[in-house]
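FYI, it's all coordinate maths here, none of it is from the lab. Treat the numbers as computed from the prediction; the structure is a model and nothing was measured. Every residue, glycine as well, gets a Cβ built from its backbone with ideal geometry; the counts of neighbours run over all protein chains shown.
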Amino acid sequence: MRALFLAVLLRDLRLAARRRVDALLPLVFFMVAVSLFPLGVGPETQTLRHIAPGVVWVCALLATMLSVQHLYAGDQADGSLEQLLLAPQSAVAVAAAKCVAHWLVSGWPLILAAPVVGLWFDLSPPALGALVLGLLLGTPVLSLLGGLGAALTLGLRSGGMLLILIVLPLAMPVLIFGAGAVSAVESGQSAAGHYSLLAALLIATAVGAPWATSAALRISTE
Amino acid sequence: MGAQRGGRPLFKNLDFTLRAGQVIWLRGRNGRGKTSLLRLLAGLSTPARGVVQCDGKPLDQCPPDWRRWLLYVAHANALKDDLTVLEALRFLGALQGRTPSVSEIQQALDTLGVGHMHQALVRTLSQGQRRRCALARLALPQAAAIWLLDEPFDALDREGVTALHGLLQEHARYGGSTLLTSHQDVTFRDPMPDTVDLDDFAISA
């Protein structure tokens, strides 16, 4: 199972390295979308600090949804998905590897960009730290939930829109606790409770989502 | 066994055995369910009626690694455009738990006459070259015992067809089993391919 996981992970990372423009699109979308808010709301720093956590997290969520839509579509189109499901090991390894690869390519750059984005909103250093830590715990959850949504909507005509409608409600707790952690730090409170809940969500989705995704993939390809 | 696709019945009362060393040529008009049958046999879908057995056991009761015995080359080649031929074949081998070495892949590609393409990106190959590269999986050492091939001769020129015939014959000689669909005539005679015609099991509308 580990060999299958590594084979799929390394292949997807190699493919992402060969399609750099595609891989960078979520990050570019994230930066552009976040930068629109200071332009639209105005330069009032108090207002910007207040809306920053929600804006950053919503844009991170949308950037993830943008990139996760095609997680399995390419494999289905060229016949690779059938071969992945025919591997002697469980398809859970495939689902897990695809999500980890997606997070490394799409989620990790968002975390690296978060401090820069936070500065546009005049966030304090402790709040920037809370933003980065929250994204570190929360973006893998978004990738795992997105992977499940992509598998459930595979091959459907309006799959992209349906994926967003399925995943957004499931991702709400991540959004609430992620943004809440930054707001708590900004107002001088402890964010430990928010981090704990984000970590609990991460553990729950890491355990459950790959199994559900592999089942959804088998149903989608029947 | 009976099957349906999208709620439409395809065939019924289909019953045959694929034995060691046997080649079965699956025939039938377009839409009869040849690809659907291959997918059923591979365990990618389940029959509407009946059961697929491997070594006397229903597929869902077989040991989890029964798929190691199986090699399914579908109509789509399963080669990623942005990988080199070498990388793509190594990956497909790794999926089956048998990562082939570079020299083994090179030898397999040579057998299909595309040895010089090993470092080429898949996107740069013609359809025929892609098909040959996909079929090179059959020439890798320790290939699976059961081959399910969906239109393997598609896009192949005469040289490619001859190379594939050779592989099929060699596989049968060593006791391997092959079930293939083809609209082209399968012309080799050693072993003589048996025929299953899905038109004989079609459900009339």
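The figures follow:
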{"item": "Selection status of A:S196, touching a helix residue (DSSP H, G or I) at 6+ places or on another chain (Cβ under 7 Å) and either among the polar types (S, T, N, Q) or crowded, with 24+ Cβ neighbours inside 10 Å (or both)", "result": "no"}
{"item": "Residue that is farthest from A:L4 (Cα to Cα), among those in region B:68-126 that are more than 7 Å from chain A (Cβ to nearest Cβ), in a helix (DSSP H, G or I) and of a type in the set (K, R)", "result": "B:R123"}
{"item": "Residues located in region A:200-222, provided they are away from chain B (no Cβ under 14 Å), without any contact (Cβ under 8 Å) to a residue 12 or more places away in the chain and β-branched (V, I, T)", "result": "A:I203, A:V207"}
{"item": "B:G33 being more than 16 Å from the chain's Cα centre (by Cα) and on the phi > 0 side of the Ramachandran plot", "result": "no"}
{"item": "Index of the failed condition, B:I24 passing every other in (1) among the β-branched types (V, I, T); (2) free of Cβ contacts under 8 Å to residues at least 12 places away in the same chain; (3) in a strand (DSSP E or B)", "result": "(2)"}
{"item": "Members of region B:14-54 that are closer than 22 Å to B:P193 by Cβ and touching a Lys or Arg at 6+ places or on another chain (Cβ under 6 Å)", "result": "B:L26, B:G28, B:S36"}
{"item": "Options A:L165, A:L197: the member that is more than 26 Å from A:A127 (Cα to Cα) and either free of Cβ contacts under 8 Å to residues at least 40 places away in the same chain or more than 14 Å from chain B (Cβ to nearest Cβ) (or both)", "result": "A:L165"}
{"item": "Identity of the residue in region B:6-65, hydroxyl-bearing (S, T, Y) and surrounded by 13 or more Cβ atoms within 10 Å (Cβ to Cβ), that ends up nearest to the other protein chains (Cβ to nearest Cβ)", "result": "B:S45"}
{"item": "Only one of B:E159, B:E151, B:E170 that is in contact with a Gly (Cβ under 7 Å, 6 or more places away or on another chain) and either surrounded by fewer than 19 Cβ atoms within 10 Å (Cβ to Cβ) or closer than 16 Å to B:G33 by Cα (or both)", "result": "B:E159"}
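One line per residue, one yes/no per condition, for (1) farther than 26 Å from A:T221 by Cα; (2) within 14 Å of another protein chain (Cβ to nearest Cβ); (3) assigned to a loop (DSSP other than H, G, I, E, B):
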site	(1), (2), (3)
A:L84	no, yes, no
A:A93	no, yes, no
A:K98	no, yes, no
A:A101	no, yes, no
A:P109	yes, no, no
A:P115	yes, no, no
A:L119	yes, no, no
A:L123	yes, no, yes
A:G129	yes, no, no
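Results for (1) of a type in the set (G, A, S); (2) crowded, with 24+ Cβ neighbours inside 10 Å; (3) away from chain B (no Cβ under 14 Å); (4) over 20 Å from the mean Cα position of the chain (by Cα), shown as yes or no for each residue.
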position	(1), (2), (3), (4)
A:R49	no, no, yes, yes
A:A60	yes, yes, yes, no
A:Q76	no, no, no, yes
A:Q89	no, no, no, yes
